[in-house]
1. Is it the case that some residue within segment 7-18 is out of contact with any Cys (no Cβ under 8 Å at 6 or more places or on another chain), among the charged types (D, E, K, R) and either modelled with pLDDT of 90 or more or open to solvent by 50 Å² or more (accessible area, probe 1.4 Å) (or both)?
2. In segment 18-41, what residues are part of a helix (DSSP H, G or I) and either more than 18 Å from the chain's Cα centre (by Cα) or farther than 25 Å from T200 by Cα (or both)?
3. Within segment 61-71, how many residues turn out to be surrounded by 13 or more Cβ atoms within 10 Å (Cβ to Cβ) and of a type in the set (D, E, K, R)?
4. Please determine, by comparing only the residues of segment 42-60 that are in contact with a strand residue (DSSP E or B) (Cβ under 9 Å, 6 or more places away or on another chain) and not in a strand (DSSP E or B), which one is most open to solvent (accessible area, probe 1.4 Å).
5. Output the residue which, of all residues in segment 48-94 that are of a type in the set (F, W, Y) and under 15 Å from E193 (Cβ atoms), is farthest from the chain's Cα centre (by Cα).
6. Can you find, within segment 159-172, the residue that is surrounded by the most Cβ atoms within 10 Å (Cβ to Cβ) among those that are at pLDDT 90 or above and either of a type in the set (K, R) or within 19 Å of S141 (Cα to Cα) (or both)?
7. On the given criteria, is K83 more than 29 Å from Q32 (Cα to Cα), at pLDDT below 95 and open to solvent by 20 Å² or more (accessible area, probe 1.4 Å)?
Amino acid sequence: MSASLDTTQIATPVTDINAILETLQQRFRIEQTGHIDFHLEQFSVFKNYSDVSLSGSYAVKNKNNDSYILFTEATPKHADHGKAITTEHHIWALAYLKHDFGKVLIRRETLVDKIKELIHPVELDFAEDKAFSDTFYMLVSDRQKAASGADRNFRNVVMDIRLDDFVIEIVEHTLIIGNTQARGAEKAMHLAEFVSRLCTTCD
């Protein structure tokens, strides 16, 4: 099914989203979702925005469990250095997980994180998976839930993602991944690959 978009409902040029969809359709079956409330307000990755809305949402069709590509419009709460506040256009991917992770935040680990961990041990590490723990900073609200959900299959999928700068946030069964940088076809492909593999491998 070829996805189409009502150009009256978005503020970004239609060529932007269409080009991204055309790239995704080379590898995935993409379908427009219609109205779905993804409850984006529950994610802390949007805490610096006064308003976040969908300008388009598309299902990435998998065998048993669909994942989603979301085009969002976000209004920052504050402008930088007196600049006018302008709407930002982002792309995210979302998946529904079998396990309840509690609340989890995953991103690439930095030197600052390593220093903080020495003072405030709030990170979940996996003794049996040093490569994952050395690469990613995983903050959790419930160690038991997160450790159970983030099994070897899950960690392998995260390790293999090809997007350099990203954040993963999980609220119970719902995972979102992306960043607030400019959206584009290559980023969309990396995000779609991740959530599609997650839904296939971690079913």
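1. The answer is no; no qualifying residue exists.
2. Result: N18, A19, E22, T23, E41.
3. Residues that pass the stated criteria total 2.
4. Of segment 42-60, the ones in contact with a strand residue (DSSP E or B) (Cβ under 9 Å, 6 or more places away or on another chain) are 42-46, 48-60.
Remaining after also requiring not in a strand (DSSP E or B): 42-46, 48.
Numbers: Q42: 71, F43: 6, S44: 56, V45: 30, F46: 15, N48: 100 Å².
Step by step, filter segment 42-60, then rank; the result is N48.
5. Only one residue tops the list, namely Y58.
6. Among those that are at pLDDT 90 or above and either of a type in the set (K, R) or within 19 Å of S141 (Cα to Cα) (or both), it is I170.
7. Details: more than 29 Å from Q32 (Cα to Cα): yes; at pLDDT below 95: yes; open to solvent by 20 Å² or more (accessible area, probe 1.4 Å): yes.
Considered against the rule, which asks whether it is more than 29 Å from Q32 (Cα to Cα), at pLDDT below 95 and open to solvent by 20 Å² or more (accessible area, probe 1.4 Å), K83 comes out as yes.
Okay, residues lined up against (1) crowded, with 16+ Cβ neighbours inside 10 Å; (2) at pLDDT below 95:
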site	(1), (2)
I119	no, yes
L124	yes, yes
F136	yes, yes
T174	yes, no
L191	yes, no
F194	yes, no
R197	yes, yes
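The values are calculated or read from the model by the stated rules, or taken from the named source; none is laboratory data. From a predicted model like this one, the values you see are computed outputs, not experimental measurements. Positions of Cβ are backbone-derived with ideal geometry, glycine not excepted, and every protein chain shown enters the neighbour counts. Ligands, DNA and RNA are excluded from the accessible area calculation, which covers all protein heavy atoms including side chains. Shrake-Rupley method; radii C 1.70, N 1.55, O 1.52, S 1.80 Å.
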